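Written below as structure tokens is the structure these notes are about.
No lab work stands behind these numbers, since they all come straight from the coordinates. If you're wondering where the values come from, they're calculated on a predicted model, not measured in any experiment. We place every Cβ from the backbone using ideal geometry, glycine too, and count neighbours over all the protein chains shown.
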Amino acid sequence: MAKSWRSASSLLLPLLIALLLVFSFVSPSLAKKKPSPRPITDTEIREKKNACYADIESGMWGSKCKSSMIDKENCALQCLSPQCYDLVYGGDPLEEGEKDYIRSQEYKYCMHK
């Protein structure tokens, strides 16, 4: 019985080592997450925002977005990123004459994530 234990353990050890080697090479590639998309640059934001302004001017966003400069800005921010707009301005859009630097920075931070 002692002899069969030794022969079994002598076969088991190389098998365990082989499995560890296989998993050490396979596991990191499986554990890697998909690379996150690269953050948007200020230039890309500016280009996309200009495209949003063009869409607003063409009437794609309706007449409400053309009724005032602040409505146009709210629509442009929503066009640029609906998720960030809802998060930062959702229930409290910009109002005429309002300069909200804090929310502006929060929106910009959201865009760069």
A correct fewest-to-most ranking of Arg103, Arg38 by other Cβ atoms within 10 Å would be Arg38, Arg103
Over the range 42-112, the quotient of the Cα radius of gyration and 2.2 N^0.38 Å is 1.04
Within the range 78-106, the residues whose backbone N lies under 12 Å from a label point placed 7 Å from the Cα of Ala51 along the Cα-to-Cβ direction are 80-81
